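Heads up, the thing below is written out as structure tokens.
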Amino acid sequence: MTEQVKIFDTTLRDGEQSPGASMNTNEKMRLAVQLEKLGVDIIEAGFPAASEGDFEAVSEIAKRVKKSEIAGLARANKDDIDQAWGAIQHAAKPRIHTFIATSDIHLEYKLKMSREEVINAAVEAVKYAKSLTDNVEFSAEDGSRSDRDYLCQVFGAAIEAGATVVNLPDTVGYAIPQEFAELVKYVMANTPNMHKATLSVHCHNDLGLATANTIAAIQAGARQAEVTINGIGERAGNTSLEEVVMALQTRQNLMPFGTGIQAEHIYPTSRLVSMITGIMVQPNKLSWEPMPSPTRPVSIRTGC
């Protein structure tokens with residue numbers, strides 16, 4: 001049986017952080033229904049604590065979507081988790097996704113917390129989320145720039161507290177594929193009780209390597225990919241769903257993994273995202289011109 005990679009779509013959350021890509025509740029609902037049709041395993045519907053509008057949109061999506069899991073993002077504190085749960089509690093398959101930074105630069109300058117304090121906060125957040133639902137994901141923000149052994153320690157503590165998915169983000173798009181694959185292998189080998197959870201990756205495209213890093217991570221053992229339609233997202237964007245899915249489907253000889261994505265729905269989903277957000281796919285990725293007819297001269301292009 002082909003091993004499955006779960007597709008976690010964050011177009012409605014991280015994708016919406018693209019400049020000018022904000023969506024209203026009706027637009028988010030329309031896209032969520034299309035993502036369900038596409039076969040996405042998990043839809044991150046939003047960040048309920050961010051605003052009343054986000055809470056409302058996540059809540060409405062949670063009530064409507066039945067096949068996909070619905071995730072609500074929350075910082076590692078009780079108030080955020082309560083907001084997330086309040087929005088997703090009516091979902092057929094709810095997931096709380098809680099996070100805290102683990103890199104030394106974030107600990108010193110953003111959180112102003114010690115390593116031990118961050119571990120305690122992560123554990124308390126996961127435990128509290130677990131009291132609300134069995135489906136809890138924990139993310140180590142800026143994980144790719146974190147100390148490897150500390151990262152494993154945090155992940156191990158989160159799994160012990162009840163996390164069923166631990167996510168390794170390349171938050172600032174800093175990683176290189178070989179380096180990221182080695183980090184994934186290290187985390188898989190050195191995180192206590194890693195066999196009790198799924199390792200996820202969430203990559204950004206600041207160096208144009210989000211898809212390459214995600215593919216490298218899957219080959220190294222990650223079994224959940226966090227992506228967006230058309231690769232939209234904060235700064236240079238996120239890993240593109242269509243690129244990862246089609247790479248896995250096309251190169252089965254090297255990557256014998258399956259996904260639940262219905263490939264025939266990729267194009268209409270891409271067009272819907274462009275229509276709603278106004279962010280067009282780069283022209284060289286589209287085939288707008290029809291195939292030449294037999295009576296029409298065909299220009300021959302050479303070179304690589």
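Some points to look at:
- Taking the longest Cα principal axis of the chain as reference, the axis of helix 266-277 is set at about 70 degrees.
- Between Asn77 and Gln249, the simple label model (points 7 Å from Cα in the Cβ direction) yields a spacing of 4.3 nm.
- The HN-Hα couplings worked out from phi for the stretch 18-31 by the Karplus form 6.51 cos²θ - 1.76 cosθ + 1.60 (θ = phi - 60°) are 4, x, x, 9, 5, 10, 8, 4, 5, 5, 5, 4, 4, 5 Hz, whole numbers, x standing for Gly and Pro.
- Other-chain or far-sequence residues with amide H under 5 Å of Thr198's (modelled H): Val165, Val166
- Listed pairs Lys110/Lys196; Lys63/Lys196; Lys37/Lys130; Lys6/Lys130; Lys6/Lys78; Lys93/Lys130 exceeding 26 Å between Cα atoms: Lys110/Lys196; Lys63/Lys196; Lys37/Lys130; Lys6/Lys78
- Under Karplus coefficients 6.51, -1.76 and 1.60, residue-wise ³J(HN,Hα) of the stretch 82-87 in Hz, glycine/proline x: 4, 5, 4, 5, x, 7
- Tilt relative to the chain, helix 52-64 - C-alpha long axis, 0 to 90 degrees, to 10: 70 degrees
- Helix-only [θ]222 nm of the chain, DSSP H runs n ≥ 4, -39500 (n - 2.57) each, per residue, nearest 500: -12000 deg cm²/dmol
- Tail beyond 23 Å, pair distance distribution of the stretch 1-120 (Cα, percent): 35 percent
- Karplus-derived HN-Hα couplings along the stretch 235-249 (A = 6.51, B = -1.76, C = 1.60, θ = phi - 60°), whole Hz, x at Gly and Pro: 6, 7, x, 10, 4, 7, 4, 5, 5, 5, 4, 6, 5, 5, 6
- The trypsin sites (Lys or Arg not before Pro) of the stretch 73-122 that DSSP puts in a loop, and whose beta carbon has at most 16 other beta carbons within 10 Å, are Lys112.
- Burial ordering of Cys203, Cys152, fewest other beta-carbon atoms within 10 Å first: Cys152, Cys203
- Amide H within-cut-off set for His204, under 5 Å, with H built and near neighbours excluded: Asp170, Gly173
- When DSSP beta bridges are restricted to pairs lying wholly in the chain, around 5% turn out antiparallel.
- Degrees separating the helix 210-220 axis from the principal Cα axis of the chain, which is the longest one: 60 degrees
Bear in mind these aren't lab numbers, they're just calculated from the coordinates by the rules spelled out. From a predicted model like this one, the values you see are computed outputs, not experimental measurements. Cβ coordinates were reconstructed from backbone atoms using ideal geometry, including for glycine residues, and neighbour counts include every protein chain displayed.
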